[in-house]
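Engineer: Take a look at the following structure, please.
The values are calculated or read from the model by the stated rules, or taken from the named source; none is laboratory data. Fair warning: this is a prediction, and the values are worked out from it, not measured in the lab. Cβ placement follows ideal geometry from the backbone for every residue including glycine, while neighbour counts extend to all protein chains displayed.
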Amino acid sequence: MNNAIDIEHAVIGVLMIDTTSLSRCTVTPEMMFDQANKVILKAILELAGQNKPTDLLSVNEKTGGKLLNELVEITSKVASKANLEYHCSILIQKYISRELMMLCQRSISEINNTDNDVFQTIQKINLEIETFSIKNAKDFKEFKTVAHEMIKKIETMQLSGNKIVGLDTGFSRLNAISNGWHSPDLVIISARPATGKTAFALNLAVNLAKQNIPVAFFSLEMSTEQLAMRVISSMTGIYSNYLTKAEIHEGNWKTLLSTDFNLPLYVDDTASLNLLDFKEKVRKAKKKWGIKAVFVDYLQLMTVYGKGNREQEISTISRTLKAMAKELDIPIIALAQLSRDVEKRNGEPRLSDLRESGAIEQDADIVIALHNEEPESDNPLIKVLYLKHRNGEVGFIRLQFEKGKQTFKDTL
């Protein structure tokens with residue numbers, strides 16, 4: 001049963017005999033199943049808001065004087081006010097269950113309507129589910145509570161001597177700018193093709209996994225085998241072309257067999273990954289492995305259901321990635337292609353060079369661009385530019401990219 005009339009009565013009864021309990025009540029009138037109980041709770045809250053008594057007679061008068069018998073019966077059943085919070089939590093669960101059932105019924109009706117476009121129906125249902133999730137996700141927090149939590153966090157960090165607030169990127173110069181990766185940031189790493197952005201993302205993911213931090217890596221362009229080859233090369237220092245051709249001498253075999261690849265790194269190589277599937281997979285990964293960061297390679301290869309121009313689709317994708325970061329309280333690091341304007345201009349990347357949508361720039365907390373300063377070199381210097389940093393300073397660092405080993409290193 002998705003209703004609990006007796007518990008509704010218990011909550012209302014406590015509120016009428018003890019006004020101070022109102023501060024502990026988390027139930028609103030709409031959450032009541034019984035119509036009379038909705039009217040009564042609304043009356044109690046309105047009287048309390050006007051600093052008036054919420055006793056039996058006052059509530060009866062506020063409700064029109066027709067519910068006296070019900071109110072007498074309700075107050076006579078109150079045994080204790082100790083379980084108010086527990087009873088409120090039950091009523092909230094019952095309310096959400098009823099709302100979810102109605103949402104499912106509306107979805108079935110939409111599906112059975114043969115005049116509807118199936119992809120538009122999916123999009124509409126998904127929007128309703130997202131709205132429902134947001135509506136029932138989190139309540140307001142008092143600032144004083146948040147402030148005390150932050151002060152405690154700062155104190156703990158100071159006592160530990162750890163100067164990195166977020167997740168350690170593995171690069172000291174990168175940490176110096178952003179203090180690691182933070183929840184719930186959306187980080188965009190952008191570059192032109194063949195600049196090393198996939199290798200850079202893999203280095204970042206492996207650096208986290210080496211710290212025993214679970215990471216999910218979505219590769220829409222490369223297979224898991226190709227990614228594994230790159231990771232093996234960067235972790236062992238063996239040139240990737242030797243691994244690809246299986247030309248490995250005895251010393252390298254010893255290195256391969258002695259390297260610990262037992263990392264909490266989980267890879268998905270679904271091509272043209274749909275946004276709905278991505279969200280479901282991320283939620284499952286969070287529940288199953290407790291992932292603390294997500295990488296997407298790369299954003300413009302993701303797809304959405306429904307019809308619309310590409311700019312609208314990219315906007316939907318970037319907004320959803322940011323929403324997922326907030327929902328799961330994790331950083332999401334997504335790669336993105338830069339437009340050809342960078343090459344035409346023969347200069348450093350700008351925010352305006354992000355392909356297909358200004359929404360990426362708007363939704364992202366951090367936008368990083370990689371710029372190869374030595375395109376003819378096998379070990380070029382890569383300029384890592386912070387084009388946007390919502391909670392910090394912009395600037396740049398340089399990293400050395402050893403192409404043959406797919407490895408980025410801090411410069412001296």
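Engineer: What pairs come up if the first residue lies in region 104-129 and is within 16 Å of ASN274 (Cα to Cα), the second is assigned to a helix (DSSP H, G or I), and their beta carbons are under 7 Å apart, counting only those six or more places apart or on different chains?
Structural biologist: Hits for this filter: THR121/GLU110; THR121/ILE111; LYS124/GLU110; ILE125/SER107; ILE125/GLU110; ASN126/LEU276.
Engineer: Among the residues of region 80-92, which ones are touching a residue at least 12 places away in the same chain (Cβ under 8 Å) and more than 11 Å from ILE17 (Cα to Cα)?
Structural biologist: The answer is ASN83, LEU84, GLU85, HIS87, CYS88, SER89, ILE90, LEU91, ILE92.
Engineer: I would also like to ask the following. Mind listing just one residue for me: the one in region 155-175 that is among the hydroxyl-bearing types (Ser, Thr, Tyr) and more than 14 Å from VAL206 (Cβ to Cβ) and, of those, modelled with the lowest pLDDT?
Structural biologist: SER160
Engineer: I would also like to ask the following. Could you give every pair whose Cβ atoms fall below 9 Å, whose first residue belongs to region 198-223 and is in a loop (DSSP other than H, G, I, E, B) and among the small types (Gly, Ala, Ser), and whose second residue is modelled with pLDDT under 90 and crowded, with 24+ Cβ neighbours inside 10 Å, counting only separations of at least 6 or pairs across chains?
Structural biologist: The qualifying pairs do not exist here.
Engineer: Sticking with this structure for a sec: Within the group LEU381, LEU399, which residue is in the same structural domain as ALA293 (by TED's automatic domain parsing) and surrounded by fewer than 18 Cβ atoms within 10 Å (Cβ to Cβ)?
Structural biologist: When all the criteria are applied, what remains is LEU381.
Engineer: What is the residue count in region 4-51 for residues that are basic (Lys, Arg) and over 22 Å from ARG98 (Cβ atoms)?
Structural biologist: 1
Engineer: Looking only at residues in region 276-307 that are part of a loop (DSSP other than H, G, I, E, B) and at negative phi, which one is surrounded by the fewest Cβ atoms within 10 Å (Cβ to Cβ)?
Structural biologist: That would be LYS307.
Engineer: Would you mind finding the one in ILE382, ILE360, ILE330 that is among the aliphatic types (A, V, I, L, M), under 28 Å from LYS281 (Cβ atoms) and not in a helix (DSSP H, G or I)?
Structural biologist: The conditions single out ILE330.
Engineer: Tally time: how many residues in region 224-249 are of a type outside the set (Ser, Thr, Tyr) and in a loop (DSSP other than H, G, I, E, B)?
Structural biologist: Of the residues in region 224-249, 6 are of a type outside the set (Ser, Thr, Tyr) and in a loop (DSSP other than H, G, I, E, B).
Engineer: Only residues that are over 20 Å from PHE396 (Cα atoms) and crowded, with 23+ Cβ neighbours inside 10 Å: list them for region 332-352, please.
Structural biologist: Matches in region 332-352: ILE332 only.
Engineer: Condition first: surrounded by fewer than 20 Cβ atoms within 10 Å (Cβ to Cβ), out of contact with any strand residue (DSSP E or B) (no Cβ under 8 Å at 6 or more places or on another chain), among the charged types (D, E, K, R) and not in a strand (DSSP E or B). Can you find one or more residues in region 367-375 that meet it?
Structural biologist: Within region 367-375, none of the residues are surrounded by fewer than 20 Cβ atoms within 10 Å (Cβ to Cβ), out of contact with any strand residue (DSSP E or B) (no Cβ under 8 Å at 6 or more places or on another chain), among the charged types (D, E, K, R) and not in a strand (DSSP E or B).
Engineer: Would you check if there is a residue in region 253-268 being more than 29 Å from PRO193 (Cβ to Cβ), surrounded by fewer than 18 Cβ atoms within 10 Å (Cβ to Cβ) and in contact with a strand residue (DSSP E or B) (Cβ under 9 Å, 6 or more places away or on another chain)?
Structural biologist: yes
Engineer: Consider region 27-45. How many of its residues are farther than 15 Å from LEU68 by Cβ and either among the acidic types (Asp, Glu) or without any contact (Cβ under 8 Å) to a residue 24 or more places away in the chain (or both)?
Structural biologist: 8
Engineer: Just checking, which of ILE12, ILE17 is over 14 Å from CYS88 (Cβ atoms), in contact with a Ser or Thr (Cβ under 9 Å, 6 or more places away or on another chain) and surrounded by 13 or more Cβ atoms within 10 Å (Cβ to Cβ)?
Structural biologist: Selected residue: ILE17, the only one of ILE12, ILE17 that is over 14 Å from CYS88 (Cβ atoms), in contact with a Ser or Thr (Cβ under 9 Å, 6 or more places away or on another chain) and surrounded by 13 or more Cβ atoms within 10 Å (Cβ to Cβ).
Engineer: Does any residue in region 257-280 that is assigned by TED's automatic domain parsing to the domain that holds ALA334 come within less than 6 Å, Cβ to Cβ, of a residue that is assigned to a strand (DSSP E or B) six or more places away or on a different chain, and which pairs are these?
Structural biologist: Matching pairs, first to second residue: LEU265/VAL215; TYR266/ALA216; VAL267/PHE217; ASP268/PHE218; ASP269/SER219; SER272/THR303; ASN274/THR303.
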